[in-house]
Every structure is written in C-alpha cells, then in structure tokens.
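Peer 1: My questions all concern the structure below.
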Amino acid sequence: MPKIKVKINGKFIPQYHSEMAAGCDLYADIDEDVMIKPGHFCAVPTGIKIEIPEGYEAQVRPRSGLALKYGIGLLNSPGTIDADYRGEIKVILFNFGKNSFKIEKEERIAQLVFTRITKAEFVPVKQLKRTKRGSGGFGHTGR
C-alpha cells in the first residue's frame, strides 16, 4: 500500500467509506453551492494536494450514485494525476442529465484510485505482426 502525503487546504482528507473500497472519496471544497446546467461542466476544487510515490498514478473516477441518480459524471474519465503533479486536485464534473444539478459545499463528488504504472518502450518497425482481428475497430464484432 503506497503512503500518500496530503496537504489539506480545505476541510476534508480523502476517506475510504467501506473496508474493501477501491476508491477514496473526494469532497467539494467550495465557499458556496455551484449549479451545473444540463450539457455544461465545471472544475470543482477539492482543497487537497497530494504527493504520489514514483511508479504510481491516481485516477479520478465518477461516483456511481451521482451518475445513476442525476446524470453527473466526469468530463475526462478517468482523469489521471501523475506522480510529479503538486497542484490542487480539481474534478471536472459534467452534467449529462436533463436537469440542473447543485453541487453543495463538502459534497462527495468523485473517487480517487491509486494504481501502479508501467512505462512502455516504443520500438519502430516497418510492419506489425498480423492477427485474425487485423484493423477491425469500433463495433466490428457486433453488439
């Protein structure tokens, strides 16, 4: 388990809300409620900065309850936080729903998941190995 150093500018440190939760919750660190109209988005501050150990990344992911009940998701999901980033974590919430959505102060708005990373070495070649699939792309195998 990586040790994550956290600098708290707001009120909340990320928390896991169940024993086997993969993601810890991030909270809206805002002075007043924010309204997101359908089809619009905004960057919501969390009031925290973190130091991620080398070899890891943090992924910002949507909360399933906000997605199911209100159509609220992340514009860039998952959002990646690199180990060398030291700025405040902000969450880009998007309203996919049909009604305006109010983000309240201190509301849980997203999850943060830590994962190991593997870097690739790219080797230029003239041709790639053939496969049965080939260049078949989006939806080529059906529904």
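The values are calculated or read from the model by the stated rules, or taken from the named source; none is laboratory data. Small disclaimer: the values here were computed from a predicted structure and weren't measured. Positions of Cβ are generated from backbone atoms using ideal geometry, with glycine treated the same way; all protein chains shown enter the neighbour counts.
Peer 1: Please identify the pairs in which a residue from region 69-81 that is farther than 23 Å from Arg116 by Cα has its Cβ atom under 7 Å from the Cβ atom of a residue that is assigned to a helix (DSSP H, G or I), counting only partners at least 6 apart or on another chain.
Peer 2: Taking only residues 6 or more apart or on different chains, the pairs are Ile72/Leu66; Gly73/Ala67.
Peer 1: Output the residue which, of all residues in region 105-143 that are in contact with a Gly (Cβ under 8 Å, 6 or more places away or on another chain) and either among the β-branched types (Val, Ile, Thr) or part of a loop (DSSP other than H, G, I, E, B) (or both), is surrounded by the fewest Cβ atoms within 10 Å (Cβ to Cβ).
Peer 2: If we take residues in region 105-143 being in contact with a Gly (Cβ under 8 Å, 6 or more places away or on another chain) and either among the β-branched types (Val, Ile, Thr) or part of a loop (DSSP other than H, G, I, E, B) (or both), then Ile117 is surrounded by the fewest Cβ atoms within 10 Å (Cβ to Cβ).
Peer 1: Count, please, the residues in region 79-105 that happen to be farther than 19 Å from Ile50 by Cβ and not hydroxyl-bearing (Ser, Thr, Tyr).
Peer 2: Number satisfying all stated conditions: 12.
Peer 1: Which condition number in (1) crowded, with 16+ Cβ neighbours inside 10 Å; (2) without any contact (Cβ under 8 Å) to a residue 12 or more places away in the chain is the one that Val60 fails?
Peer 2: For Val60, the failing item is (2).
Peer 1: Within region 36-48, identify whether any single residue is crowded, with 16+ Cβ neighbours inside 10 Å and more than 25 Å from Asp82 (Cβ to Cβ), and answer yes or no.
Peer 2: Checking region 36-48: at least one residue is crowded, with 16+ Cβ neighbours inside 10 Å and more than 25 Å from Asp82 (Cβ to Cβ).
Peer 1: Name the single residue that is nearest to the chain's Cα centre (by Cα) among those in region 1-10 being under 22 Å from Arg116 (Cβ atoms) and either surrounded by 13 or more Cβ atoms within 10 Å (Cβ to Cβ) or touching a residue at least 60 places away in the same chain (Cβ under 8 Å) (or both).
Peer 2: Only one residue fits best here, namely Ile4.
Peer 1: Go through region 68-103 residue by residue and tally those that are part of a loop (DSSP other than H, G, I, E, B) and modelled with pLDDT of 95 or more.
Peer 2: 14
Peer 1: Tell me which residues, restricted to region 87-104, are charged (D, E, K, R) and surrounded by 10 or more Cβ atoms within 10 Å (Cβ to Cβ).
Peer 2: Selection gives Glu88, Lys90, Lys102, Glu104.
Peer 1: Working only within region 82-117, note down all residues that are in contact (Cβ under 8 Å) with a residue 60 or more places away in the chain and of a type in the set (Asp, Glu).
Peer 2: Glu88, Glu104, Glu106, Glu107
Peer 1: OK, next. Checking Ser77 against (1) more than 19 Å from the chain's Cα centre (by Cα); (2) of a type outside the set (A, V, I, L, M); (3) closer than 29 Å to Val6 by Cα, which single condition isn't satisfied?
Peer 2: Of the numbered conditions (1) more than 19 Å from the chain's Cα centre (by Cα); (2) of a type outside the set (A, V, I, L, M); (3) closer than 29 Å to Val6 by Cα, the odd one out for Ser77 is (1).
Peer 1: Still on this structure: Name the single residue, out of those in region 17-35 being loosely packed, with under 11 Cβ neighbours inside 10 Å and not aliphatic (A, V, I, L, M), that is nearest to Asn99 (Cα to Cα).
Peer 2: It comes out as Glu32.
Peer 1: Of everything in region 15-47, what is assigned to a strand (DSSP E or B), without any contact (Cβ under 8 Å) to a residue 12 or more places away in the chain and hydroxyl-bearing (Ser, Thr, Tyr)? Give them in sequence order.
Peer 2: Matches in region 15-47: none.
Peer 1: For region 11-25, indicate whether the set of residues that are modelled with pLDDT of 95 or more, basic (Lys, Arg) and farther than 30 Å from Thr118 by Cβ is non-empty.
Peer 2: The answer is no, given that none of the residues of region 11-25 is modelled with pLDDT of 95 or more, basic (Lys, Arg) and farther than 30 Å from Thr118 by Cβ.
Peer 1: Exactly one condition in (1) part of a strand (DSSP E or B); (2) in contact with an Asp or Glu (Cβ under 7 Å, 6 or more places away or on another chain) is false for Ile50; which is it?
Peer 2: (2)
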